[in-house]
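Have a look at the structure below before the remarks.
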Amino acid sequence: MNKRLQVTPARCIGCRTCEIACAFSHPAGGGPGPTRIRAYPVKPPERGVPVVCLQCDSAACVRVCPTQALVRDDRTGAILVAEDRCILCRACVWACPWGNVGYDEGRKVIHKCDLCAGDPQCARYCPSRALETFE
Amino acid sequence: MTRALTSVQALGAFRDSLVARRDPQKPAVSVCAGTGCVACGALKLGDALRQEVDQRGLGDKLEVRINGCHGFCERGPLVVCHPQGYFYQRVQPADVADIIEQTVLAGKPIERLQYVDPVAGTRAVRQEDVGFYKHQLRWLLEYNGRIDPTSIEDYIAVGGYRALAGVLGGMRPEDVIALVRQSGLRGRGGGGYPAGVKWAQCRNAPAADGVRYIIGNGDEGDPGAFMDRSLMEGNPHLILEGMIIGAYAIGSPGNPVGYIYVRNEYPLAVERLTLAFQQARELGLLGRNILGTGFDFDIRLNRGGGAFVCGESTALMASIEGFAGQPRAKYVHTVERGLDNKPTNLNNVETWANVPLIVEKGAAAYAAVGTGDVSKDPWGGSTGTKIFALVGKVNNTGLVEVPMGRTLRQIIFDIGGGIRDGRKFKAVQTGGPSGGCLPESSLDMPVDFDHLAAAGSMMGSGGMIVMDDGTCMVDVARYFVDFLVEESCGKCVPCREGLIQMSHLLHAVVEGRATEATLTQLESLSEVVRDASLCALGQTAPNPVLSTLLHFKDEYLAHIREKRCPAAVCQALLTFTINEKCTGCMVCFKECPAKAITGEKKKLHVIDPAKCTHCGVCRAVCKLDAVDVR
Amino acid sequence: MIVVINGRDLHARPGDSLLDLARRTGIDIPTLCHHEGLEEWGGCRLCLVEVGRPGGHGAARVVPACLFPARDGLRVDTDTPRIHRLRAGVLDLLLARCPESDTIQELALQYGVRRTSFVERKNPDKCILCNVCVRACAAVGANAIGTAGRGVLGEIALPFHDDPAACVGCGACALSCPTGAIEMVDTGFTRRIWQRDFERVRCSACGRPTLTRDHAAHLAGRTGLSAESFQVCDRCHREQAGARFLDLLGK
């Protein structure tokens, strides 16, 4: 069940279903959590651009973290936030050139795409195959 | 200065030449310049002696020696006149002319400067006649009164560095460790860990880059303790020689540098050690290629910043590394990961000073002195001698070196001359501020590592504070806990927060605000501080409280139930009354800051207990002993 | 390597502390000064456990689980009456130090301590001196704060109590403090922390305040990323990323 996430922006219709899928698969405080993916709608025509963590090889967030709280999962290839190692300096938030690391001020946690443990839900619900997974 | 000695044989030849140049019959006046004697004017006395010698043109005939501590601080300044060995005490510059004329020139003793035993009334001619010295076995302190600590030649002339030469000239490191192990030497800093076992662990600890550190702990911080100080000031080369031998035995091919950590409050020790290192380097006894044997080792001196906790080994190492002096938990022992996470062998300076003696005497002769049997188990006994700083309410205060296993009674009464002012012995606290207070029933207990620990106290570094019946044991516990409150580094919660709460509870007792529940709370809190604290400071801090609660509970109860301090010490519980000796002189009337005294001239005065603040001024100013306190 | 915790045989990994092993296997041990991302401190003494010698001989020792290495054959008990008593004692003491701290109140209550049995500190703050902030600051690379004073008079402070020069205003100390003892106030483009007002960068795209100017310079120096990359907030970074993709697609 180890899947690769592929983004094809040309297929995106800007429906933002991915954001909802992400929020609901990362619940926080009893409700949907902050989304880790954004699909920016472009009008007209009805199109969009999905932006999500690229799990960079030499990731700025990993390099800037002083406590090695961002760790690549060997199985899925996702860079994960080890919350218990995080000291909330938020350097990763500012350092990611794509803006793909966020800070939840209310819950005091860093969040980013974790590839849903190998089964990205955004791709599962994407109606236009802008987000796809491959085995 | 002399050229470096490039072989073991060259050291022997150098010693022979030194001895040949010295005339043992040549008159010499030795002045003790230990801290106690210096405080009593020993340096002025030394100057006066030298001046007198110069004025009389006796420079060739007589030598004036300034030594390290002789130990009998109570009677300083001390002087010994050689070759007769006449012993003089409480010598003042005014006595100098007599010493030169009568003793040095005429060879006669001066009676008025001799020590008279306060009990037996006998007169002591020589040092060994004095009860204080007679019952001691001075192995480590032997040369403190005979050599000039600033002269490496003095040290070499009496056999110094012979042990090192023997080791480098013919012993394998493993043999040295075996020797120390067989001697039964245990850590003199208080831990009592067998030195040979520790050395072997350090030697066998894997050292990736070949670096192992050797540290001498001279951060003596116990109130009233000055054993290490006297050794460092009085015979620095003895410690140095021990450390060089240890470095050879433990081995550090990667970085042959050791440290000696001395508190900065000991400027003279810092000065003497620094000079000793320099002299040893010049003679090729320290540094590269020691005595031409290819063995390298050097020592750096590190000054401590006045934190009691830095005597704790891991805090000391943190301090050397440049961090705050806070201990680290040592579940991986420092012999494996200590200073800079490298294998580190730390011993107290007194432990190091024993090493040359063990090499010289042999393990068997060393182990013959002391208690138990260490031939099979290095924990099996306590061997050799131990220096104690005997202070408090004894007649003879000072530094005392005795074989392990002497009883408290022998130390306090035979050597210490008993209790001052004819009062009664009450307790003795051994081992520094976190030692336990032992009562009269413990007096016949042998003093060694295991007996003291079994009695709820400890050897510690060798502090020994004697208390008489005028001492309030609750107040003693309060005093030591307050000391430790100030010295707790604050890293762990039980020590930092527990000690201040113990202090609050003890203050409640001495101020008469406590109930019996206070004692229960004190006991349970003591358990938390003892069991939960990070380092030995916190773990042992409740000792003064627990031992006084065990042996002197009735005193606590008197404070609580009767609101009375049986020793009449705790101010808040004192009652001041004026007795019939009062002549009505009005002095106390005028001095009382609380205006609690009423009375007229030539009439008996009266203290109003409601107004009295227990300050004791009336008692202090009364010349007729007319103020009673109870 | 098998360690027996509360009667269960558990497989330990090399380098595991008892706390690592316990937490991984779902055994609850309370801590205050422990932080996975920081060097171990061993000061709060809440994680005390009893360890016996292999084979069960000799009296059990009380040790902090965070610092004690897992060893083969070790027998560990994390919840004996003695451990309960010691933890309750430590929390009782902490409650006297910080009676107003929710964190301490809640933990203490779990050990049956509702009110401290000791004398409460006068003018208490919420600092328990666990040093998490100091270690976090060191990890960030600023080393702006440390312990001043000793023992019960010790406090977390700036050098000489008043020199915030090394502070970059990142706020990691305040956010990682387990009791919320460090005050950090953001007002518009100003952040006040450690007696100093820091200017926050105005996002060049949306104009909202982001990180402090000092933190941006500190990060640029440490990461080798350009200073400009810290002039844009994370949200605008993302939006710009979207726009760039769009450009690549040729609309």
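Structure above, values below:
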{"quantity": "Per-pair calculated FRET efficiency, R0 = 51 Å: C:D186 and B:R288 via Cβ, rounded to 0.05", "calculated": "0.25"}
{"quantity": "C-alpha center-to-center spacing [segment B:540-605, segment A:1-37] in angstrom", "calculated": "80 Å"}
{"quantity": "Convex hull volume of segment C:2-79 per residue (C-alpha atoms, cubic angstrom)", "calculated": "83 Å³"}
{"quantity": "Computed helical MRE - 222 nm, chain B, DSSP H runs ≥ 4 contributing -39500 (n - 2.57), nearest 500", "calculated": "-10500 deg cm²/dmol"}
{"quantity": "Segment B:1-91: projected area of the alpha-carbon convex hull, averaged over directions, in nm²", "calculated": "7.4 nm²"}
{"quantity": "With Cα atoms, 0 to 90° folded angle of helix B:8-21 axis to chain B main axis", "calculated": "70 degrees"}
{"quantity": "FRET efficiency estimate (nearest 0.05) - Cβ-Cβ, A:A10 to A:V71, R0 35 angstrom", "calculated": "0.60"}
{"quantity": "Rg followed by Dmax, in Å, when segment B:425-495 is reduced to its Cα trace", "calculated": "13.0, 39"}
{"quantity": "Column: log10 I(q)/I(0), Debye, Cα scatterers of segment B:212-258, q = 0.34 Å⁻¹", "calculated": "-1.20"}
{"quantity": "Length gained when the stretch B:R123-B:T598 is fully extended (0.36 nm per residue, less Cα-Cα span)", "calculated": "165.8 nm"}
{"quantity": "Karplus 3J(HN,Hα) series, Hz, for segment B:143-155 with 6.51 cos²θ - 1.76 cosθ + 1.60 (x for Gly, Pro)", "calculated": "8, 4, x, 10, 10, 8, x, 8, 10, 5, 5, 4, 5"}
{"quantity": "Where chymotrypsin sites (Phe, Trp or Tyr not before Pro) fall in DSSP loop in segment B:269-369, at most 14 other Cβ within 10 Å", "calculated": "B:F323"}
{"quantity": "Vicinal HN-Hα couplings computed from phi for segment C:185-200 (Karplus, 6.51 cos²θ - 1.76 cosθ + 1.60; Hz; Gly/Pro x)", "calculated": "10, 9, 10, x, 9, 10, 10, 9, 7, 6, 6, 10, 9, 10, 8, 8"}
{"quantity": "Cα-only Debye scattering, segment B:300-341: base-10 log of I(q)/I(0) at q = 0.19, 0.31, 0.35 Å⁻¹", "calculated": "-0.50, -1.13, -1.30"}
{"quantity": "Cleavage-rule hits (GluC sites (Glu not before Pro)) in segment A:1-101: DSSP loop, at most 16 neighbouring Cβ within 10 angstrom", "calculated": "A:E46"}
{"quantity": "Interface burial for A against C (accessible surface, 1.4 Å probe, total of both chains, Å², rounded to 100)", "calculated": "2900 Å²"}
{"quantity": "Volume of the Cα convex hull of chain B, divided per residue and given in Å³", "calculated": "167 Å³"}
{"quantity": "Kyte-Doolittle mean at least 0.0, axial Cα span of 18 Å or more - DSSP H helices of chain C", "calculated": "C:81-97"}
{"quantity": "Under-5 Å amide H pairs with C:T190, H placed in peptide plane, nonlocal only", "calculated": "C:R200"}
{"quantity": "P(r) of chain C over all Cα-Cα pairs, binned every 5 Å from zero, in whole percent", "calculated": "1, 6, 10, 13, 13, 12, 11, 10, 9, 7, 5, 3, 1, 1, 0, 0"}
{"quantity": "Accessible area (Å², per residue) of segment B:160-368, counting only protein heavy atoms and a probe of 1.4 Å", "calculated": "32 Å²"}
{"quantity": "Segment B:572-603 residues near the modelled B:H614 label - backbone nitrogen below 16 Å, point 7 Å along Cα→Cβ", "calculated": "B:572-577, B:594"}
{"quantity": "Cα-centre dipole for the protein assembly as shown with unit charges at Cβ (Lys and Arg positive, Asp and Glu negative), debye to 20", "calculated": "1640 debye"}
{"quantity": "Electrostatic dipole magnitude of chain B [Cβ: Lys, Arg +1; Asp, Glu -1; Cα centre; debye, to 20]", "calculated": "560 debye"}
{"quantity": "Chain B: relative contact order as a whole-number percent, Cα under 8 Å and 6+ apart", "calculated": "12 percent"}
{"quantity": "Under-5 Å amide H pairs with A:Y103, H placed in peptide plane, nonlocal only", "calculated": "A:H111"}
{"quantity": "Principal-axis tilt of helix B:493-510 within chain B, Cα atoms, nearest 10 degrees", "calculated": "40 degrees"}
{"quantity": "Amide H contacts of B:I66 (H built 1.01 Å from N, under 5 Å, at least 5 apart or other chain)", "calculated": "B:V31"}
{"quantity": "Those residues of segment B:551-570 whose amide nitrogen sits under 18 Å from the label point placed on B:V629, 7 Å along Cα→Cβ", "calculated": "B:559, B:563-570"}
{"quantity": "Rounded to whole Hz, the Karplus (6.51, -1.76, 1.60) HN-Hα couplings of segment B:467-475, x for glycine and proline", "calculated": "10, 9, 6, x, 9, 8, 6, 5, 5"}
{"quantity": "Distance cut-off 57 Å, percentage of C-alpha pairs in the protein assembly as shown lying past it", "calculated": "28 percent"}
{"quantity": "Magnitude of the charge dipole, segment C:2-79, Cβ model with Lys/Arg +1 and Asp/Glu -1, debye to 20", "calculated": "200 debye"}
{"quantity": "Quarter of Cα convex hull surface for segment B:473-561, i.e. mean projection, nm²", "calculated": "4.7 nm²"}
{"quantity": "Gain in span if fully extended, B:K376 to B:K590, counting 0.36 nm per residue against the direct Cα distance", "calculated": "69.8 nm"}
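The values are calculated or read from the model by the stated rules, or taken from the named source; none is laboratory data. Keep in mind the model is a prediction, meaning the values are calculated, not measured. Here the Cβ is made from the backbone with ideal geometry for all residues, glycine too, and neighbour counts use every protein chain on show. Heavy atoms of the whole protein, side chains included, go into the accessibility calculation; ligands, DNA and RNA do not. Shrake-Rupley method; radii C 1.70, N 1.55, O 1.52, S 1.80 Å.
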